[in-house]
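The values are calculated or read from the model by the stated rules, or taken from the named source; none is laboratory data. As the structure is a prediction and not an experimental result, all values here were calculated from the model. Glycine also receives a Cβ, built like all others from the backbone with ideal geometry; neighbour counts cover every protein chain displayed.
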Amino acid sequence: MDGDVRDGGRRPVSGRGRELAGFLAVGSVAYGADLALFLALRGAVDPLPAKALAFLAGCTVAYLGNALATYRRRAVTLREYAAFFGVNLAGAAVQMACLGVSHYGLGLTSARADTVSGLGVGMVLATCLRFWGTSTLVFRG
């Protein structure tokens, strides 16, 4: 039984697998939106405001996709969006921390090392945090 007390309240593996697949698919679309908007704005405005707007747009796309498709909500709420945004900020902090530790702490300063630490290791760890946070803090129950 899904969410039954007898099984510790955990979802069945097949349900969790579908949830993860939906989460990753929506995340891919949101990443595309973030990247496309950043590239479109980059020439018109400075890179930090461009990235901030792109991040906000990517979070919005990810929230709507997860709320309506992955978690099949009938409506979206400001409380869930705020929690989702907070989880995404935490994920972004994980990516920045991975990059910072590698670049400044370990002295791995090549473009390849920055890419691996920020977009490789950092993205994987941030995605794990975002999946956990989204499924337990934002769309619980």
Looking only at segment 4-31, which residues are in a helix (DSSP H, G or I), modelled with pLDDT under 95 and among the small types (Gly, Ala, Ser)? 14, 15, 17
Would you mind listing the helices (runs of 4 or more DSSP H) fully within segment 33-141 where at least 2 residues are surrounded by 13 or more Cβ atoms within 10 Å (Cβ to Cβ) and modelled with pLDDT of 95 or more? 47-65, 78-100, 122-133
Assess whether residue 109 counts as being within 19 Å of residue 31 (Cβ to Cβ) and β-branched (Val, Ile, Thr). no
So, in segment 24-51, exactly how many residues are within 21 Å of residue 67 (Cα to Cα) and either among the polar types (S, T, N, Q) or in contact with a Lys or Arg (Cβ under 6 Å, 6 or more places away or on another chain) (or both)? 1
